[in-house]
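The values are calculated or read from the model by the stated rules, or taken from the named source; none is laboratory data. Owing to the predicted nature of the structure, the values given are computational and were not obtained by experimental measurement. Neighbour counts are summed over all protein chains in view; Cβ atoms, including those assigned to glycine, are modelled from backbone coordinates with ideal geometry.
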Amino acid sequence: MNQIFHFIRIFQRNLKWMFLLSILTAGTVYWFTRNMPHEYESETEIFTGITSGLSIENVEGAKMDFFAANNAFDNLINIIQSRQTKQEVGMRLLAKHLLVESPSLELISEESYADLHQWLSVETIDQLKVESDEEATYQNIKAWYNEAFYSDEVGMVLNSGFSPYSERAINGVRVSRLQNSDLIRIHYTWKDPAIAQQTLDILNSVFIRLVAEVKVAQTSDIVGYFQEQVNLAEERLNGAEQKLSEFRTENRVINYGEQTKSISMMKEYMEDEYQKELAARASAQAAVARLETQLSVNKEMLQYSESMLEKRAELAQISSEIAVLEVYLNDEEQLIELRRRADELSASISRDLFNRMEYSRTTEGVPVTALLTEWLDATLSLDRIQARIRVFENRKVYFNELYDEFSVVGSTIGRYEREIGIEEKNYLELLHSLNLALMRLSSETLASDGLQVTVEPFFPLSPLPSKRFLLVVLSFILSFMLPFVVAVVKDLLDLSIKTGDRLAQFSNVTHIGSIPKASLVEKQANLDSAQFKAQYMRLIWAKIEKNIQVNMDKPVLISIASLRSVEGKSYVCESLLEALGRQGLKAIHIQPGKGNYSVDDKLRGVEDVQTLSDEKLDDYDVVLLEVPALLEKPYPVKLLATSDSLVTVAWAGRIWNKADSKKLAELDLESPQVLLNGADLEEMESVLGELPKSRSALRKYLKKLVQFQFKSSVATA
């Protein structure tokens with residue numbers, strides 16, 4: 001509660017300064033804002049399609065989660081608020097205005113046009129602008145900004161806060177999302193309505209383009225990577241296929257599976273035929289042997305017929321050729337011709353034999369011609385079978401070699417095909433990833449194209465309400481509170497003693513009372529200073545007297561000391577003399593100099609107070625001995641030890657430090673008594689109670705309200 005009253009008193013003391021400063025500040029603001037320009041605000045809205053739009057990856061329009069949507073909107077807002085965007089908008093706005101020949105309501109006001117031509121020289125304008133080509137003008141401005149960045153013209157036009165083309169001015173763009181919708185709203189305020197509208201119009205186009213570039217850039221590198229990997233995979237796949245193709249060409253393999261199947265079938269067929277021929281040969285050999293046995297008489301004649309032997313040899317050769325042709329089926333016409341020739345030779349041999357053996361008989365009496373015909377047929381059949389068997393045996397060797405060759409070819413082809421399979425799978429995976437990246441790229445491109453300006457920037461016809469009144473009110477309030485805040489901070493940072501409570505916090509002493517600053521008492525018209533002084537001195541003497549053991553044989557010796565000079569010891573002694581006189585006590589004040597005692601090193605050995613005064617001290621009831629500053633000058637150490645009471649005077653406006661506490665500790669007092677001098681009236685009220693002051697009824701009521709005093713404080717009959 002005391003703290004509350006303390007701050008209220010600080011407020012009261014500084015109230016006049018608070019009103020004075022606030023009125024002066026408000027008046028100054030009012031004067032300097034008399035020509036404050038009006039501001040115009042334009043706005044635009046852009047549909048983003050983030051949460052409800054379609055894309056190639058999301059053809060069903062599935063909803064985004066909360067955090068993804070917020071992240072997407074934050075990205076868009078950050079693009080709008082980026083330094084790059086604002087710089088480009090400012091430069092494009094400048095390029096547009098440089099091509100304007102004269103001010104107009106819808107493009108640039110007369111004041112803004114004049115400012116622009118004041119900031120830029122004619123030479124610079126001619127250097128920058130390209131007639132009827134806004135884009136080329138923008139590129140010139142961009143190059144000029146980089147080359148002449150530290151020039152005054154660049155600083156004035158593109159870096160100053162009062163230029164509509166600067167980043168600092170376009171920082172005034174405000175971007176927000178409309179609740180939970182897909183719309184973002186952009187506001188911009190400027191003193192020229194045309195500039196406010198055009199800035200937003202250019203911002204829309206720059207923003208949509210930058211979003212497209214950012215989104216495409218996110219996936220273009222990925223697309224390039226997968227495109228490169230797909231090309232490399234395709235090269236490896238083509239290389240593997242080329243190796244397989246060359247191997248097949250080199251080994252004459254068209255279709256390994258069909259070829260091996262065909263070879264297997266041909267070999268099985270050949271084996272079947274070969275076995276049949278072996279059986280036929282055995283049968284033919286048996287028949288020939290039987291017939292030759294029956295024809296054994298004429299055997300020698302048959303063997304030694306030269307013409308018949310030649311024909312038989314030729315027939316065997318032809319039979320062999322026929323067997324080859326029948327197995328391989330190479331030439332049908334040749335096969336027919338050979339068969340015709342074989343028939344002719346067979347017929348010729350038969351005729352020769354018939355002619356020779358026409359009238360011969362066997363040992364059994366059987367005509368030789370009949371057996372000879374049978375023998376000839378068996379012999380020719382055996383020759384044909386022998387020829388076919390030789391062909392089949394050669395063919396068998398061929399198939400065995402072919403099997404050995406195809407086993408190696410098969411394993412090699414399998415290895416190549418596995419390699420092709422791996423490369424093909426890798427190629428397809430990379431191709432799939434490339435397609436996904438291309439899909440993402442197309443989706444991002446379409447999504448950026450999906451940014452639609454739903455509300456075009458409008459031309460503001462009416463200015464915004466003036467902020468002049470608000471500025472005046474704010475300046476009044478802030479300047480009104482400033483002195484109070486400064487006073488409170490100053491009070492909180494003040495380490496001086498000020499009050500008895502603070503003295504008790506700083507040191508281990510007994511506070512026996514406070515004496516107010518005389519100048520403060522004199523200012524109180526409703527306060528009787530003499531009566532007030534008598535009141536607080538009476539209380540001080542009562543506390544001093546309480547700690548004195550009265551000795552009837554000698555006067556009471558009270559030493560009045562201070563730790564430092566100029567703390568009011570003499571004033572305290574004089575005030576005590578007055579108070580003691582009013583109580584009928586005879587007292588004397590002994591102080592250094594002024595015909596009493598000198599302050600030197602001899603003073604430290606004084607043991608009797610009588611040696612310090614020419615007066616007979618036994619005639620007095622109380623002796624007030626004023627002692628020099630304890631920390632600065634010599635003082636009677638032994639005399640202080642024998643004093644009935646030692647009162648230390650401390651000035652309220654100074655800081656209590658460790659040296660003060662140590663010095664009092666050296667005096668070896670049980671509880672040092674300290675009298676606070678120069679206290680303010682608040683401290684006196686804490687000692688004496690409420691002081692009589694001139695207070696209005698409102699102040700009295702507020703004070704009672706703060707103290708929760710709702711009843712009369714005076715007893716009534």
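With respect to the conditions (1) touching a helix residue (DSSP H, G or I) at 6+ places or on another chain (Cβ under 7 Å); (2) at pLDDT 85 or above, Gly410 lacks only one, and its number is (2).
Counting the residues of segment 269-314 that are among the aliphatic types (A, V, I, L, M) and modelled with pLDDT under 70 gives 7. Filtered by the rule that a residue be exposed (fewer than 14 other Cβ atoms within 10 Å of the Cβ) and either more than 24 Å from Val609 (Cα to Cα) or of a type in the set (Gly, Ala, Ser) (or both), segment 629-675 gives Ala641, Ile655, Asn657, Lys658, Ala659, Lys662, Ala665, Ser671. Polar (S, T, N, Q) and in a helix (DSSP H, G or I): does that describe Gln198? Yes.
Taking the criterion of being assigned to a loop (DSSP other than H, G, I, E, B), closer than 21 Å to Lys467 by Cβ and at pLDDT 90 or above, would at least one residue in segment 176-190 satisfy it? Show your work before the answer.
Taking segment 176-190 first, the residues assigned to a loop (DSSP other than H, G, I, E, B) are 178-182.
Filter once more, keeping what is closer than 21 Å to Lys467 by Cβ: none.
No.
Inside segment 595-624, residues that are touching a residue at least 40 places away in the same chain (Cβ under 8 Å) and under 19 Å from Leu646 (Cα atoms) make up a count of 7. Checked against the criterion of being under 27 Å from the mean Cα position of the chain (by Cα) and farther than 15 Å from Lys96 by Cα, segment 197-205 has at least one qualifying residue.
Of the residues Leu436, Leu471, which is part of a helix (DSSP H, G or I), modelled with pLDDT of 75 or more and within 30 Å of the chain's Cα centre (by Cα)?
Leu436
Restricting to segment 648-680, give me the number of residues that are more than 17 Å from Thr499 (Cα to Cα) and either of a type in the set (Lys, Arg) or part of a strand (DSSP E or B) (or both). Final tally of qualifying residues: 3.
Quick check, is Asn426 under 38 Å from the mean Cα position of the chain (by Cα), free of Cβ contacts under 8 Å to residues at least 40 places away in the same chain and not assigned by TED's automatic domain parsing to the domain that holds Ser22? I'd like the intermediate steps shown before the answer.
Values: under 38 Å from the mean Cα position of the chain (by Cα): yes; free of Cβ contacts under 8 Å to residues at least 40 places away in the same chain: no; not assigned by TED's automatic domain parsing to the domain that holds Ser22: yes.
So Asn426 does not fit the description; no.
Does segment 6-16 include one or more residues that are out of contact with any Ser or Thr (no Cβ under 8 Å at 6 or more places or on another chain), loosely packed, with under 15 Cβ neighbours inside 10 Å, among the basic types (Lys, Arg) and farther than 29 Å from Val489 by Cβ? Checked against the condition, which is being out of contact with any Ser or Thr (no Cβ under 8 Å at 6 or more places or on another chain), loosely packed, with under 15 Cβ neighbours inside 10 Å, among the basic types (Lys, Arg) and farther than 29 Å from Val489 by Cβ, segment 6-16 yields no hits at all.
Scanning segment 154-175 for residues that are of a type outside the set (Gly, Ala, Ser) and part of a loop (DSSP other than H, G, I, E, B) yields Asn159, Phe162, Pro164, Tyr165, Asn171, Val173.
Against the list (1) exposed (fewer than 15 other Cβ atoms within 10 Å of the Cβ); (2) not in a helix (DSSP H, G or I), the condition Val253 fails is (1).
Residue check: is Pro592 without any contact (Cβ under 8 Å) to a residue 60 or more places away in the chain, surrounded by 21 or more Cβ atoms within 10 Å (Cβ to Cβ), in the same structural domain as Leu669 (by TED's automatic domain parsing) and at negative phi? The answer is no for Pro592.
Only one of these is among the aliphatic types (A, V, I, L, M), in contact with a Pro (Cβ under 9 Å, 6 or more places away or on another chain) and assigned to a helix (DSSP H, G or I): Leu577, Leu603. Name it.
Leu603
Among residues belonging to segment 606-663 that are in contact with a Phe, Trp or Tyr (Cβ under 6 Å, 6 or more places away or on another chain) and hydrophobic (A, V, I, L, M, F, W, C), point out the one that is farthest from Asp680 (Cα to Cα). Talk me through it step by step, then tell me what you get.
Restricting attention to segment 606-663, the residues satisfying the condition of being in contact with a Phe, Trp or Tyr (Cβ under 6 Å, 6 or more places away or on another chain) are 612, 627-628, 656.
With hydrophobic (A, V, I, L, M, F, W, C) added as a condition, the list becomes 612, 627, 656.
Details: Leu612: 35, Val627: 25, Trp656: 17 Å.
Among residues in segment 606-663 that are in contact with a Phe, Trp or Tyr (Cβ under 6 Å, 6 or more places away or on another chain) and hydrophobic (A, V, I, L, M, F, W, C), the one farthest from Asp680 (Cα to Cα) is Leu612.
For segment 467-495, taking the residues that are in contact with a Phe, Trp or Tyr (Cβ under 8 Å, 6 or more places away or on another chain) and not aliphatic (A, V, I, L, M), the one that is nearest to Tyr30 (Cα to Cα) is identified as Arg468. Taking each residue of segment 457-482 that is within 16 Å of Glu43 (Cβ to Cβ) and looking for partners that are part of a loop (DSSP other than H, G, I, E, B) with beta-carbon atoms closer than 8 Å, six or more apart or interchain, yields Phe459/Glu106; Pro463/His38; Pro463/Glu39; Leu464/His38; Leu464/Glu39. Within segment 222-247, the set of residues being closer than 16 Å to Ser433 by Cβ and either outside any helix (DSSP H, G or I) or among the aliphatic types (A, V, I, L, M) (or both) comprises Ile222, Val223, Val230, Leu232, Ala233, Leu237. Condition check: modelled with pLDDT of 85 or more and not aliphatic (A, V, I, L, M). Does Asn35 satisfy that? When the stated conditions are applied, Asn35 does not pass them. As a summary of the residue check, Leu461 satisfies the conditions (1) assigned to a helix (DSSP H, G or I); (2) loosely packed, with under 13 Cβ neighbours inside 10 Å; (3) among the aliphatic types (A, V, I, L, M) except for the one numbered (1).
Can you confirm whether Phe399 is under 30 Å from Phe247 (Cβ atoms) and either modelled with pLDDT under 85 or not aliphatic (A, V, I, L, M) (or both)?
Values: under 30 Å from Phe247 (Cβ atoms): yes; either modelled with pLDDT under 85 or not aliphatic (A, V, I, L, M) (or both): yes.
Criteria met by Phe399.
Looking across segment 61-114 at every residue that is in contact (Cβ under 8 Å) with a residue 24 or more places away in the chain and charged (D, E, K, R), the one that is surrounded by the most Cβ atoms within 10 Å (Cβ to Cβ) is identified as Arg92.
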